[in-house]
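Participant: Dumping the structure here so I can ask a few things about it.
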Amino acid sequence: MDPKDPADLEYTAEQMAAMGRAALDRVVAHVASLPEQPICGNVEVDDLCRAMRESAPESGADLETLLDRLYGEWIPRSFTTSAPGYMAYIPGGGLFPAGLADLIADTSNRFTGLWRAAPALVQLEANVLSWFRSWMQFPESTAGLLTPGGSMATFNAILCARERHLGPDLRSGTAYVSDEVHHCVFKAARHAGIMPDRIRRIPVDERFRMRVGALREAIARDRADGLRPFLVVGSAGTINTGAVDPLDDLADLAARERVWFHLDGAYGAFFHVCPELRPLLAGLPRADSLALDPHKGLFLPYGTGALLVRDGAALRAVHAIDASYLPVPASDDLYEPARHGPDLSRGYPGLRVWMCVKLFGAARLRAAIAEKRRLAVDAARRLGALPAVRVLDPPALSLFAFHLRLPGAAVAGENAATRSLLDRVRARGKVMITGCEAGGRFLARVCVLSFRTRQAQVDTLVEHVSEEAAAILQGE
Ligand SMILES: *Cc1c(COP(=O)(O)O)cnc(C)c1O
């Protein structure tokens, strides 16, 4: 970049190398120090954020100054979602090679919306989708799409169901979800033109799984009222307690009722990559569509979701495009992202997944996924053995819920104690867990899904929960 030529935005080779080194130094120091970083930074900084507002600068700053502020001031003021002790919500990942892939994708900046513009690169993305297909045991007819996350995967799935079953008359269509379904389904349905009054919330059983009998009755009621049931959404791991709906029963019912069966696997689908864990998700391969989140269960950084649609023609029907200024479509056996999803110009999400799977190999990823389940089972067993703790159920996958048990206390008292436990554990700085409301109480929940969470963090979790629970019981 020539300082005397204001229209010159290109860096020289030497400048790029120096900037790359400067950024990489920070990246490596940051990642290497994750275990020592507080598990939750100070996020009560609303006033700081207001003070950060500024108009666009007229002249450029220097890189070190920007990096100083990012790594010194702004990144630390957050939940440390990439730290090993993060077992809150559904942990994301952040495998390092994905960052390299993003740098390559952003600086090569090829156009991957259409096959013809970068055929070999698009093929890498098609390979990724075909790996997902085979891990999920979906048939050859499947088409897929990489999305920014599970929410957008769900949106595209509902579009497919709507297009296939409703045509232009959306108001008569009804959809069915469990009481424990992720809120993104309601949002996606609304985006797809399905309003909340057309969504039926089906009650769950004592283990938070959709009651299939109640579902059958709700469908029959709507048919009797002249409505058109078109979509059942199951969960392969709910956000609150990690419950897995009876997937085979849902698939049977959906087939009998001729409705679309969408499965929310944003949290749990990647456990299906491990053959020995497939029985925990029996029926998953029978869904009409499956949302999965590589940025959770495959340890990718945020920004990578995926959708598989068993009858690929349904996905193409929603996203068909034709315009004289576009290159001629690829032949049928070749993949075109823009003909399978809403975007035309887009980033290149395939490369980060491809790079990680190629560098690690599937066996290593499977070992890590299976370990997360073992760790969660271990954590649930050890927490459940504490006298002050009641674990509701062992983890269906790698998530379980628990609450404090106070002799003689009402539910409200136990709720308050459980909330306080979460705060106290987080304040110790090593592990972070969060809570939810389900089954009429406040529950703490533990989700082991970060690739960085290992036995040591589970040991710390058990130690900190047990000490803080004892202190709460003694009124300290
Ligand atoms: C995370 C999650 C979603 C939403 O996915 P995003 O990637 O956050 O958009 C949906 N369902 C479940 C069960 C989830 O865990």
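None of the figures in this text is laboratory data; all of them are computed from the coordinates on show. Because the structure is a prediction, the values reported are computed rather than measured. Every residue, glycine among them, receives a Cβ derived from its backbone with ideal geometry; neighbour counts consider all protein chains shown.
Participant: For L145, enumerate residues with amide H under 5 Å from its amide H, sequence gap 5+ or separate chain, H modeled in the peptide plane.
Facilitator: The answer is L307.
Participant: Note down the relative contact order for the chain as a percent, whole number, built from C-alpha pairs under 8 angstrom at least six residues apart.
Facilitator: On the way: 859 pairs, mean separation 98.8, N = 476.
This gives 21 percent for the chain.
Participant: Read phi for every residue in the stretch 256-272 and hand back ³J(HN,Hα) as whole Hz from Karplus 6.51 cos²θ - 1.76 cosθ + 1.60, θ = phi - 60°, with x for Gly and Pro.
Facilitator: After applying 6.51 cos²θ - 1.76 cosθ + 1.60, I find 5, 8, 6, 10, 6, 10, 9, 10, 8, x, 4, 7, x, 4, 6, 5, 6 Hz.
Participant: If R0 is 22 Å, what FRET efficiency do you get for V27 and F79 from their C-beta distance, rounded to 0.05? Working shown, then result.
Facilitator: Working: r = 19 Å, r/R0 = 0.87.
With R0 = 22 Å, the Cβ-Cβ based efficiency is 0.70.
Participant: Rank I194, P285, G85 by how far each Cα sits towards the positive end of the charge dipole of the chain (+1 on Lys, Arg Cβ; -1 on Asp, Glu Cβ) and give me just the farthest.
Facilitator: About the Cα centre, the residue reaching furthest to the positive side is P285.
Participant: Highest mean first, how do 246-257, 265-276 rank when packing is the count of other Cβ atoms within 10 Å averaged over residues? Don't jump to the answer; show the numbers that get you there.
Facilitator: Details: 246-257: 18.0, 265-276: 24.2.
So the order, starting with the most tightly packed, is 265-276, 246-257.
Participant: Which ³J(HN,Hα) values in Hz, rounded to whole numbers, follow from the phi angles of the stretch 85-95 under the Karplus curve 6.51 cos²θ - 1.76 cosθ + 1.60, where θ = phi - 60° and Gly and Pro get x?
Facilitator: x, 7, 10, 8, 6, 10, x, x, x, x, 3
Participant: Give the distance, in whole Å, between the Cα centre of the stretch 265-341 and the Cα centre of the stretch 127-169.
Facilitator: Each part reduced to its Cα centre gives a spacing of 5 Å.
Participant: From the helices alone, meaning DSSP H stretches of at least four residues, give me the mean residue ellipticity at 222 nm for the chain, per-run term -39500 (n - 2.57), in deg cm²/dmol to the nearest 500. Write down the numbers at each step before the final one.
Facilitator: Details: 15 runs with 195 residues, N = 476.
Rounded to the nearest 500, the figure is -13000 deg cm²/dmol.
Participant: Another question about this same structure. Which lysines have a Cα lying under 21 Å from the Cα of K187, excluding residues fewer than 8 positions away in the same chain?
Facilitator: Straight-line reach from K187, under 21 Å: K296.
Participant: Something else now. Give me the distance in nm between label points sitting 7 Å out from Cα along the Cα-to-Cβ direction at D46 and S59, one decimal.
Facilitator: 3.8
Participant: Same structure again: How much FRET efficiency would the formula 1/(1 + (r/R0)^6) give for Y71 and D423, where r is the Cβ-Cβ distance and R0 is 25 Å, rounded to 0.05? Mind dumping the intermediate values first?
Facilitator: Working: r = 27 Å, r/R0 = 1.08.
Rounded to the nearest 0.05, the efficiency is 0.40.
Participant: Residue by residue through the stretch 189-201, which ³J(HN,Hα) values in whole Hz follow from phi under the Karplus form 6.51 cos²θ - 1.76 cosθ + 1.60 (θ = phi - 60°), with glycine and proline marked x?
Facilitator: Running phi through 6.51 cos²θ - 1.76 cosθ + 1.60 with θ = phi - 60° gives 4, 4, 4, 8, x, 9, 7, x, 6, 10, 10, 9, 9 Hz.
Participant: I'd like the FRET efficiency for A18 and D106, computed as 1/(1 + (r/R0)^6) with the beta carbon distance as r and R0 of 22 Å, rounded to 0.05. Intermediate values should be presented prior to the final figure.
Facilitator: Working: r = 18 Å, r/R0 = 0.82.
That gives a FRET efficiency of 0.75.
Participant: Here's another thing I want to ask about it. Can you give me the C-alpha center-to-center distance between the stretch 402-431 and the stretch 16-56, rounded to a whole angstrom?
Facilitator: After rounding, the separation between the Cα centres reads 32 Å.
Participant: Would you mind calculating the gained length between E217 and A330 on full extension (0.36 nm times residue separation, minus the Cα-Cα distance), in nm to one decimal? Could the numbers behind the result be given before it?
Facilitator: Details: separation 113, 0.36 × 113 = 40.68 nm, distance 4.57 nm.
In short, 36.1 nm is gained.
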